[in-house]
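Worksheet for the structure shown next.
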Amino acid sequence: MPAPRKARAQAGLRSTTAPHAAKAPAAGLKALAAQLLTAPPAAPEPDPFGPGGVPFGTDTEEIVAGYAKRLSYSDVRQPTHAIDTGTAVTVDYVAASGGRTVRALDRLTLDPPYLEAWCHLRDAERVFTLSRIHGVMPA
């Protein structure tokens, strides 16, 4: 059975009260205020790819990346390359109904926010919403 609270405090055990915060020296506060006053009025926009980020290689890449938010940078490059060169890709796609499917696509055409392509599964031209593409790989 634990000892009563008063007995713990008198025995030199840990107290539950917070220690008093030390006051900052006035010179430190003046330096901080001067630094804040000389700061630019607005912070620059952060680089989306971190320090030393990779710029988009083409306008198509930038457009696809803007709509296909679920794709990594390397995944964005796959459909972009397929659009620009006419090669085929395989996509992991989530339909409006919520069903997940894998589609082999050919003859891709970009029509933001959509991707028009020949679907090998349906053997017909289909329209895919870029934001519903969850993964891309070469066909």
message = Averaging over every viewing direction, what projected area does the convex hull of the Cα atoms of the stretch 49-129 cover, in nm²?
response = 5.4
ask   = For the stretch 65-108, what does the alpha-carbon gyration tensor say about shape, rounded, prolate or oblate, given a ≥ b ≥ c as the root eigenvalues, a/c under 1.5 as rounded, and a/b over b/c as prolate?
value = oblate
message = Can you tell me the mean projection area, over all orientations, of the convex hull of the stretch 94-139's alpha carbons? Units nm², please.
response = 3.2
request  = Could you work out how far apart the two model spin labels at residue 31 and residue 114 are, taking each label as a point 7 Å from the Cα in the direction of the beta carbon, and quote it in nm?
outcome  = 6.1
ask   = Between residue 92 and residue 139, what is the label-to-label distance in nm when each label sits 7 Å out along the Cα-to-Cβ direction?
value = 2.0
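Each value in this text was obtained by applying a stated rule to the coordinates, not by laboratory testing. Being a predicted model, the structure only gives us computed values, none of them experimental. Reconstructed Cβ throughout: ideal geometry from the backbone, glycine too, with neighbour counts over all protein chains shown.
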